[in-house]
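See structure below.
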Amino acid sequence: MLFKRFNFKVVLRIALLLFTLCVFAFIFGRKELLFNQIILLGLISIQVYELLRFISKTNYELSKFLMAIQYADYSVNYEDSKLGASFEALNQAFFNMIDTIKEAKIQKEAQYQFLKMMVDKISIGIISLKEDNEIYLINKQASVLLKAGALKHWNDLGTIHPDLVTRVENASDYDKQLITLGNGIQLSVGVSSMVLINQRYKLVIFQDIEREMEQKELEAWNKLIRILTHEIMNSITPITSLTDSLLRLLEKHIPHQKPSKSLNSEDINDIRFSLQTIQRRSDGMLKFVDDYRKLTKIPPPKPEEIHMKNLLEGIITLMKGEAGKKGIRFTLSLSPPGQIIKADRKLIEQVLINIITNSIHALGHKQHGTIDISTNTHDRQKMITIKDNGRGIHHTKLDSIFVPFYSTKPNGSGIGLSLSKQIMNLHNGTIKVSSPPGQGTSFTLVFNH
């Protein structure tokens, strides 16, 4: 309609203003109409203000739109204009632009969250720094390795690891160096920088060398064991089968025959004894190989929530009978009492049984032998410690106790602790041992959650 058009309303306002000005000019100077002149002057002022406000409507809407973009306020409303088609098109353009910017911001945030989720899954610690050393991005593994919790600024790390901060700040691009933290963890640290949208970023990458080396060592042992067991099984199986067949033939036929001049009863007994020995040793070798095969056939963990109290009380009940025969008593300390870990219950029980069995053996016939089991937390780590007051492990043997086939016990198979370490690695955890001279031995299971 004509009255809805912006141009018509502008013309109408100008016409009314001109008409008012003409009337004002007609009566101007007549003293008897002074009051009317004042009224008309006020009316002219109102008309001029209304005309300017009406014409500035476009600038106001544009200013509101730009302010909304500046402050990311996408809730700005544009009412349907009654000023004609041109204003309706302008408002619609504003709406479309706001929706486009909002969608782009949502996509950018989604991409950032997706990137952050991917970075958190990486087993390498990553920290991205802005030019002012503000932390732009830090993944979960970096927080775990540095045991620093939530960090907002790089300088905050200086109170925890001052040497690390100093060396990273002095490092050049693509420089790699080995840095040992105060807790003994050895890290390989790499530094690189980049410029994005006129903003310089520094990327710091951390990798736990010790854990990586242990993993590679275990993989090498597993590969060696698979090859050895395969070859040994292929060689031993036919020997066992043949000796068993020979023994059955010997028992079946020879007892009913008289010894010949070339084969007397002593010779027959020697043959029987030799075959029995071969069979016994072959069976022992098969069992030996089967035990070591377990090292390469650990089932994937099936994590579930486990209350530490129930887990440890169950293990103590299970092992109390064997320990009681040697006069060994258990103590249990939970701090805090209601801790929960997420792990495969059967596999963790196997680890605890292996360690407690070793402690019972280490205590031997010691009087007042004790096995202290305790829990603790530090940062994001949950720990179970099994400590005995036995004879301990000599410092020269500590580095070898997790190696497959190695055992400090005369009749030990050497797979218990190696198996336990592999199980903890599968749970993204570690197992640590400490044996100060004359103070017994303690094993600590560390769960990184």
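Structural remarks
- Close pairs from the stretch 104-124: first closer than 20 Å to Gln207 by Cβ, partner basic (Lys, Arg) and in a helix (DSSP H, G or I), Cβ under 8 Å, at least 6 apart: Asp120/Lys140
- Where Leu417 falls short, out of the listed (1) buried (at least 18 other Cβ atoms within 10 Å of the Cβ); (2) at pLDDT 85 or above: (2)
- Checking the stated criteria, Gly390 turns out not to satisfy the condition of being farther than 25 Å from Leu426 by Cβ, without any contact (Cβ under 8 Å) to a residue 40 or more places away in the chain and not charged (D, E, K, R).
- Flag if Ile126 is assigned by TED's automatic domain parsing to the domain that holds Tyr201 and under 19 Å from the mean Cα position of the chain (by Cα): yes
- Odd one out for Gly158, checked against (1) assigned to a helix (DSSP H, G or I); (2) surrounded by 16 or more Cβ atoms within 10 Å (Cβ to Cβ): (2)
- Selection status of Val195, assigned to a strand (DSSP E or B) and out of contact with any strand residue (DSSP E or B) (no Cβ under 7 Å at 6 or more places or on another chain): yes
- Leu90 meets all of the listed conditions (1) surrounded by 13 or more Cβ atoms within 10 Å (Cβ to Cβ); (2) at pLDDT 75 or above but one, namely (2).
The values are calculated or read from the model by the stated rules, or taken from the named source; none is laboratory data. Predicted model only: the values in this text are computed from it and were never measured. We place every Cβ from the backbone using ideal geometry, glycine too, and count neighbours over all the protein chains shown.
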